[in-house]
Amino acid sequence: MSKITHVVKRSHAIVPFVPDRITNAIYRAAVSVGGRDRQIAEGLSEQVIKLLEENCAPGENPHIEEIQDLVEKVLIENGHAKVAKHYILYRDERTRRRAESADRRSKPSGNIPWAKIWYVLNWAVEHKVNTIENINNRIAAGEFPDIVNESESAYLIDVQNVTEKVAERGQELKMVVITGPSSSGKTTTTIKLSMGLEQKGFKLVTLNVDNYFFDLEMHPKDEFGDYDFETPQALDLPLINDHLVKLIHGEEIKIPFYDFKTGQRTENVTPMKLGENEIILIDSLHGLFPDMTQAISSEQKFFLYLEPLLQMKDRFGEFIRWTDIRLIRRMLRDASHRAYDPRETLTHWHYVRASEMRNIIPYINTADYLINTAMPYELCLYSHRLLDSFAEWSREFQDDPLREDALMRAERVYDVLSQVTPVADDSAVPMDSVLREFIGGSIYKY
């Protein structure tokens, strides 16, 4: 057992020292450069802990920065230059993001799709759903069904537009990649796009990249020891590219099968070969990640990005965050389809968000088309379903330094939902709505 019992975070909070977090950080950096040997990571972690104990006076709590400095030192001294470089770059990136977060108002982000946002904002103003106050007034006037119809129509126009664009390039296109962060509505949108293309004589054939996960024991872990399925390095990217090339050249492949219950992948299970007018479909969180499809020429790929680009301000004039919309959606979906406690979704979300910021958001502007999946009326349904839960979590995490992120999100979402007029009756929401993917009652099977 280590002599170190606690560490000091950047916020100055003192939290328990968990040695496995050092191992996980080293292994994550190794995975990013192609390494998959966890025993090496464990050995390096032991060296870090030994140095930490030698450098700390009895009863002293080391700072997180000291630990990270020692990780860099041990990696370099043991000849792991590539891993050390990635670890240093990731550490610098986190530092930069913290600085940007503190100065967000004065520096525009190059990752934000401004043209699309202006279009959505203009639509919201025209339909008087650009503020919580406005949408509450419309609900008070009995216009909730009208808001639903207007929102759904705007979304369907987006889907129809992208269907036309894909069909126009149908002769040269070999694959469509539908991507976006967690709970952005990829599954429903994929179904609708597939139906639209079939009417135009094309067929989307899904290559399920979930079957290309490495065996669970080879996955990196997060800081709480949970296996990380959010990183693209959890997927066998070279094998995905090899199979894509073969499919495009008319060859038959055999797709592996990943068993999520056992955490094991079985090779060469399901045969697949493209037929006439068939286009490969990839529905993946990391579809825009360059290494996912690097072997395929840009002329043969169409990238579709989804995000709930809600343009609505709260009573303080602050725009409601898209990530909070998706957090709520995932809570409802996980609870309904996966028997997953919404509280666990909240406490894990900081990790989901960190992966999005590293592996998804930086590539938004490489997409060929953006679909806005936000429904301004959805907040009203969420207020009825989850307001009390967010109030409870806001109290629960008050004095837990390990749950600072969960507390911040819980308080922020509670404040927003408390401003919205709750709506219990969702009968006005179409059964094929993208929102049914999360609140239930869809005609589609997920």
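When only C-alpha pairs under 8 Å and at least 6 residues apart count, what is the relative contact order of segment 216-336, in percent?
18 percent
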* Structure fact -> Any lysines whose Cα falls less than 20 Å from that of K116, other than same-chain ones fewer than 8 residues away, would be K107, K128, K165, K186, K313
* Relative contact order (percent) for segment 114-439, with alpha-carbon contacts under 8 angstrom and 6 or more residues of separation? -> 24 percent
* Determine by what factor the alpha-carbon radius of gyration of segment 114-439 differs from 2.2 N^0.38 Å, reporting the quotient. => 1.04
* **Cα centroid of segment 290-333 to Cα centroid of segment 58-83, whole Å** => 35 Å
* Mind checking the dipole of segment 158-310: about its Cα centre, +1 per Lys or Arg Cβ, -1 per Asp or Glu Cβ, Debye to the nearest 20? -> 540 debye
* **Among W322, A25, L235 - extreme Cα towards positive end, dipole of the chain, charges at beta-carbon** => W322
* Taking K3 as the anchor, which aspartates and glutamates have their alpha carbon closer than 12 Å to its alpha carbon, excluding any fewer than eight residues away along the same chain? -> E53, E54, E60
* Asked: Hey, which aspartates and glutamates would be in cross-link range of K273, C-alpha to C-alpha under 19 Å, not counting anything within fewer than 8 residues on its own chain?
  -> E172, E198, D210, D242, E251, E252, D283
* Structure fact -> Taking alpha-carbon centroids only, segment 378-428 lies from segment 137-168 a number of Å equal to 26 Å
* Could you check the simple spin-label distance between H384 and I40, using points 7 Å along Cα→Cβ, in nm with one decimal? => 5.6 nm
* Asked: Applying 1/(1 + (r/R0)^6) with R0 = 22 Å to the Cβ-Cβ distance of D425 and E126, what FRET efficiency is obtained, to the nearest 0.05?
  -> 0.25
* Structure fact -> Taking 178-191, 332-345, 291-304 and ranking on average Cβ neighbours within 10 Å, highest first, one gets 178-191, 291-304, 332-345
* Asked: Which order, highest average first, do 357-367, 378-388 follow once you tally other Cβ atoms within 10 Å for each residue and take the mean per peptide?
  -> 378-388, 357-367
* **Highest to lowest packing among 404-417, 201-214, scored as the average C-beta count within 10 Å** => 404-417, 201-214
* Structure fact -> To the nearest 20 debye, the chain has a Cα-centred charge dipole, built from +1 on Lys and Arg Cβ and -1 on Asp and Glu Cβ, of 520 debye
* Count the lysine pairs in segment 6-106 whose Cα atoms lie under 21 Å apart, taking only pairs 8 or more positions apart in sequence or on different chains. => 5
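Rule-based calculations on the coordinates, nothing more; no lab input. No experiment lies behind these values; they were computed from the predicted model shown. Glycine gets a Cβ as well: all are built from the backbone with ideal geometry, and neighbour counts include every protein chain shown.
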